Amino acid sequence: MKKLRVVVFMHEDLVPPEKLNGVPKESAPWRTEYDVVSTLRKMGHEVRPVGIRSDLSVIRQAIEDFKPHAAFNLLEEFDGVAVYDQNVVSFLELLRVPYTGCNPRGLMLARDKALCKKILHYHRIPTPEFAVYPMGRIIKRSKRLQFPLIVKSLIEEASLGIAQASVVYDEAELNERVRFVHDKLKTDALVEEYIDGRELYVAMMGNSRRKVFAIWELFFEKLGEKNERIATAKVKWDLKYQKKFGISSGEAKVLAPDKEKEIVRMCKRAYDVLGLNGYARIDLRMNEKEEIFIIEVNPNPQIAEGEDFAESARKAGMSYAELLQRILNLGIRWSQNRSG
Ligand SMILES: Nc1ncnc2c1ncn2[C@@H]1O[C@H](COP(=O)(O)OP(=O)(O)O)[C@@H](O)[C@H]1O
Ligand SMILES: [Mg+2]
């Protein structure tokens with residue numbers, strides 16, 4: 001394997017320490033950054049972590065000084081704006097630096113959840129019925145939508161603003177939660193039909209040929225009947241809460257072989273119609289009738305060691321180091337095929 005110079009771009013606050021020195025990495029905010037940097041180093045690559053906040057010249061300078069073979073992109077925002085990740089990647093394209101993960105167009109399409117759903121809908125890929133409630137407009141329920149509904153931010157990620165109260169059963173609850181998204185998250189609200197059922201995740205990678213890993217599932221073992229089985233911010237990020245309510249994830253429990261095929265086919269089509277490359281995770285829900293819906297498409301998903309994406313790759317026999325190497329290779333190959 002060729003040793004590469006790899007610059008790793010990450011949020012300025014998430015630059016990891018060189019050594020753990022007893023700090024538990026499981027709860028550290030820079031866990032992914034630490035895993036990627038330390039594993040790439042162990043693999044023999046020359047790695048330079050670079051923290052970014054809002055200054056493009058830092059990116060340019062790092063490229064000029066270090067002359068990397070590739071940039072490993074761990075940025076999920078720029079200057080506090082989540083959807084600016086696509087602009088950073090566009091900047092890297094202009095600088096002609098190969099980078100890991102998804103291309104700017106794929107990022108743009110997937111990050112705008114409504115636009116993404118419109119594209120899926122056009123291609124007859126099932127996704128819940130929805131309506132957008134823009135900030136500053138009167139809240140009027142679209143008659144197409146049947147309660148229960150779920151209210152989310154149109155653009156935020158990581159379950160920001162998703163709580164038990166996000167699932168609403170009547171007009172009053174709907175209005176209250178839409179207002180919450182407008183006032184607290186300061187974004188438009190996306191209101192979708194609520195799919196009661198199982199939550200599945202599909203990890204995939206590739207440029208033109210894409211590989212699909214084992215289907216993953218989110219389990220709620222000790223969550224009371226009254227609670228909605230959804231991935232709220234607490235479910236995703238609060239270790240104590242996860243323990244208390246028996247929340248875990250792992251290979252999906254029994255799925256009929258034809259269901260599994262249907263899910264894989266659906267995810268590959270979504271990946272293709274959105275023009276994704278690199279790596280992505282698709283979130284799905286399956287209701288009691290075993291109907292499947294795509295909830296969200298996540299290009300550049302979380303890739304900390306031991307987390308869902310890396311674990312489902314490991315299930316397919318791919319070590320964490322191999323996974324990172326493949327992500328690098330895909331980025332390099334993508335730019336080679338495009339540079340003209
Ligand atoms: N239409 C829906 N029906 C049921 N649950 C949903 C729906 N939309 C979102 N959820 C729940 O909310 C979680 C977060 O929503 P998602 O759209 O994936 O946003 P995020 O970008 O924050 O992950 C999902 O993982 C799922 O548990
Ligand atoms: Mg999600």
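For GLU228, the conditions (1) away from ligand 1 (no atom under 16 Å from the Cβ); (2) among the acidic types (Asp, Glu); (3) at pLDDT below 90; (4) touching a strand residue (DSSP E or B) at 6+ places or on another chain (Cβ under 8 Å) are fulfilled apart from (1). Of all residues in the stretch 285-308, which are among the basic types (Lys, Arg) and either more than 16 Å from the chain's Cα centre (by Cα) or more than 10 Å from ligand 1 (Cβ to nearest atom) (or both)? LYS289, the sole residue that qualifies.
Every condition in (1) charged (D, E, K, R); (2) within 16 Å of ligand 2 (Cβ to nearest atom); (3) outside any helix (DSSP H, G or I); (4) closer than 30 Å to TYR99 by Cα holds for LYS236 except the one numbered (3). Exactly one of (1) over 28 Å from HIS45 (Cβ atoms); (2) at pLDDT 95 or above; (3) among the polar types (S, T, N, Q); (4) surrounded by 15 or more Cβ atoms within 10 Å (Cβ to Cβ) is unmet by ASN329. Its number? For ASN329, the failing item is (1).
Answer yes or no as to whether ASP35 is in the same structural domain as PHE91 (by TED's automatic domain parsing) and touching a Ser or Thr at 6+ places or on another chain (Cβ under 6 Å).
Details: in the same structural domain as PHE91 (by TED's automatic domain parsing): yes; touching a Ser or Thr at 6+ places or on another chain (Cβ under 6 Å): no.
So ASP35 fails the test.
If you go through the stretch 118-140 and keep only what is outside any loop (DSSP other than H, G, I, E, B), within 14 Å of ligand 1 (Cβ to nearest atom), in contact (Cβ under 8 Å) with a residue 60 or more places away in the chain and closer than 13 Å to ALA270 by Cβ, you end up with just LEU120. The residues of the stretch 238-270 that are loosely packed, with under 13 Cβ neighbours inside 10 Å and over 19 Å from GLU290 (Cα atoms), listed by number, are LEU239, LYS240, LYS243, LYS244, GLY246, SER248.
Screening the stretch 23-52 for residues that are without any contact (Cβ under 8 Å) to a residue 60 or more places away in the chain and basic (Lys, Arg) and picking the one that is surrounded by the fewest Cβ atoms within 10 Å (Cβ to Cβ) gives ARG41.
Out of ALA214, ALA280, ALA270, I need the residue that is in contact with a Lys or Arg (Cβ under 9 Å, 6 or more places away or on another chain) and not in a loop (DSSP other than H, G, I, E, B). Which one? Walk me through how you get there before you give the answer.
On the way: ALA214 fails: not in a loop (DSSP other than H, G, I, E, B); ALA270 fails: in contact with a Lys or Arg (Cβ under 9 Å, 6 or more places away or on another chain).
Answer to the selection: ALA280.
Which residue out of GLU322, GLU311 is in contact with a Phe, Trp or Tyr (Cβ under 8 Å, 6 or more places away or on another chain), acidic (Asp, Glu) and either within 16 Å of ligand 1 (Cβ to nearest atom) or not in a strand (DSSP E or B) (or both)? Lay out the reasoning, then the answer.
Numbers: GLU322 fails: in contact with a Phe, Trp or Tyr (Cβ under 8 Å, 6 or more places away or on another chain).
Result of the check over GLU322, GLU311: GLU311.
Of the residues making up the stretch 220-234, those that are within 18 Å of the chain's Cα centre (by Cα) and either among the hydroxyl-bearing types (Ser, Thr, Tyr) or closer than 22 Å to GLU288 by Cα (or both) are ILE230, ALA231, THR232. Only one entry of GLU156, GLU173, GLU217 meets the criterion of being buried (at least 17 other Cβ atoms within 10 Å of the Cβ), within 15 Å of ligand 2 (Cβ to nearest atom), outside the structural domain of GLU260 (by TED's automatic domain parsing) and of a type in the set (Asp, Glu), and that entry is GLU156.
Out of GLY306, GLY224, report the one residue that is on the phi > 0 side of the Ramachandran plot and away from ligand 2 (no atom under 16 Å from the Cβ).
Working: GLY224 fails: on the phi > 0 side of the Ramachandran plot.
Result: GLY306 is the single residue among GLY306, GLY224 that is on the phi > 0 side of the Ramachandran plot and away from ligand 2 (no atom under 16 Å from the Cβ).
Could you tell me how many of the residues in the stretch 178-198 are touching a Ser or Thr at 6+ places or on another chain (Cβ under 6 Å) and either assigned to a helix (DSSP H, G or I) or at pLDDT 95 or above (or both)?
Start the filter on the stretch 178-198 by keeping residues that are touching a Ser or Thr at 6+ places or on another chain (Cβ under 6 Å), which leaves 181, 185, 187.
Checking the rest, the ones that are also either assigned to a helix (DSSP H, G or I) or at pLDDT 95 or above (or both) come to 181, 185.
Of the residues in the stretch 178-198, 2 are touching a Ser or Thr at 6+ places or on another chain (Cβ under 6 Å) and either assigned to a helix (DSSP H, G or I) or at pLDDT 95 or above (or both).
A count restricted to the stretch 271-289 and to residues that are without any contact (Cβ under 8 Å) to a residue 12 or more places away in the chain and buried (at least 18 other Cβ atoms within 10 Å of the Cβ) stands at 0.
For every residue, the table says whether it meets (1) assigned to a loop (DSSP other than H, G, I, E, B); (2) in contact with a His (Cβ under 6 Å, 6 or more places away or on another chain); (3) without any contact (Cβ under 8 Å) to a residue 40 or more places away in the chain.
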residue: VAL6; (1), (2), (3): no, yes, no
residue: PHE9; (1), (2), (3): no, no, no
residue: ASN21; (1), (2), (3): yes, no, yes
residue: SER54; (1), (2), (3): yes, no, yes
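Has the stretch 178-201 got any residue that is crowded, with 20+ Cβ neighbours inside 10 Å, polar (S, T, N, Q) and not assigned by TED's automatic domain parsing to the domain that holds ILE294? No, because not a single residue in the stretch 178-201 is crowded, with 20+ Cβ neighbours inside 10 Å, polar (S, T, N, Q) and not assigned by TED's automatic domain parsing to the domain that holds ILE294.
The values are calculated or read from the model by the stated rules, or taken from the named source; none is laboratory data. Please read these numbers as outputs of a predicted model, since none were measured by experiment. So basically every Cβ, Gly included, is an ideal-geometry build from the backbone, and we count neighbours across all protein chains shown.
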